[in-house]
Structure formats: C-alpha cells, structure tokens
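A.B. asks: Shown below is the structure under consideration.
Values quoted throughout were computed directly from the atomic coordinates according to the rules given, and no laboratory measurement underlies them. The structure presented is a predicted model; accordingly, all values stated were derived computationally and were not measured. All Cβ positions, even for glycine, are placed from backbone atoms using ideal geometry, and neighbour counts span all protein chains on display.
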Amino acid sequence: MKVRKSLLLLAFIAGLCGNASLALFTVPELKFSVFPIIAFVLAIMQLYHLYTEKDLSEDSPLMSVAAFLLGALGYSAMLRAQFPDIGSNLVLLIICLFIGLWLMFKLGGFKR
C-alpha cells in the first residue's frame, strides 16, 4: 500500500505553520499574525481526520513525521536566511536536504 501524498503535504504544512506560530512569539522581528495559528490548527485537525478514517500503510507515520520536520526545519532555515542575526542556517539546510532526499527515495522518486 502506498503512502498518501495528501498526508505528507498536510504534515509538511503543519510543520511549517507550527514553526511559524512559535516564531511569532519568539522572534521579535516578526509581526504578529493569526493566520499561521489558524492554518496549524486546521492542518492538525485534517491530519487527525485522515489518521482515523483512512487505512494507512506501515511507512505512513514515519514519513509523515519526516515531512513535519522538513516543514519545521525549512521554515527555520528560511527565517534565519531572512534575519541573519538569529544564527546560521547551514546545519538546518543540510538536515532538510537529507530528509527531502530520504522522502524522495521512500516515495520512489529515484526509480526510472
């Protein structure tokens, strides 16, 4: 059974919006916006709905956690590129690259 791509997309969006919601409160350069919080709640609700209603393959939980981490770390890397005084983003970019390549390998993106 293949992994649903909608599940991975929702996990990526949840990671992205969850990190954006936390960054609103911790990074003083960002202005407050309620939209990342709303998007995070909606993505988590839809993920819960998918987990309870649909049959999932055995790789789905691990791959959805990887997609969540890819979204969260990707937003952190983008934020650090935008505001360099926060810190370096080299390690985050390398981790994002490895997670993205692993996801492509598991999804069959490297098969001919």
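A.B. asks: If Q46 satisfies every condition in (1) in contact (Cβ under 8 Å) with a residue 40 or more places away in the chain; (2) surrounded by 11 or more Cβ atoms within 10 Å (Cβ to Cβ); (3) not hydrophobic (A, V, I, L, M, F, W, C) but one, which is the exception?
C.D. replies: (1)
A.B. asks: While we're looking at this one, here's another question. Please determine whether any residue of the range 4-26 is under 19 Å from L107 (Cβ atoms) and not in a helix (DSSP H, G or I).
C.D. replies: Scanning the range 4-26, I find at least one residue that is under 19 Å from L107 (Cβ atoms) and not in a helix (DSSP H, G or I), so the answer is yes.
A.B. asks: Would you pick out the residues in the range 29-70 that are part of a loop (DSSP other than H, G, I, E, B) and within 17 Å of G18 (Cβ to Cβ)?
C.D. replies: First, pick out the residues of the range 29-70 that are part of a loop (DSSP other than H, G, I, E, B): 29-34, 54-59.
The answer is L30, F32, S33, V34.
A.B. asks: Sort out which residues of the range 70-108 are over 18 Å from L10 (Cβ atoms) and in contact (Cβ under 8 Å) with a residue 40 or more places away in the chain, and write them in order of number.
C.D. replies: S76, L79, F83, I86, listed by residue number.
A.B. asks: Of the residues in the range 51-67, how many are surrounded by fewer than 17 Cβ atoms within 10 Å (Cβ to Cβ) and hydrophobic (A, V, I, L, M, F, W, C)? Working first, answer last.
C.D. replies: Taking the range 51-67 as the starting set, the residues that turn out to be surrounded by fewer than 17 Cβ atoms within 10 Å (Cβ to Cβ) are 51-59, 61-62, 65.
If we keep only those that are hydrophobic (A, V, I, L, M, F, W, C) too, we end up with 56, 62, 65.
Total satisfying the criteria: 3.
A.B. asks: Give the number of residues within the range 1-43 that are basic (K, R), over 15 Å from L103 (Cβ atoms) and buried (at least 16 other Cβ atoms within 10 Å of the Cβ).
C.D. replies: Within the range 1-43, the first condition is being basic (K, R), and the residues that meet it are 2, 4-5, 31.
Still in the running and over 15 Å from L103 (Cβ atoms): 31.
Still in the list and also buried (at least 16 other Cβ atoms within 10 Å of the Cβ): none.
Qualifying residue count for the region: 0.
A.B. asks: Looking at the range 71-92, which of its residues are assigned to a loop (DSSP other than H, G, I, E, B) and not hydroxyl-bearing (S, T, Y)? Can you show your working first?
C.D. replies: First pass over the range 71-92, keeping only residues assigned to a loop (DSSP other than H, G, I, E, B): 83, 87-89.
Result: F83, G87, N89.
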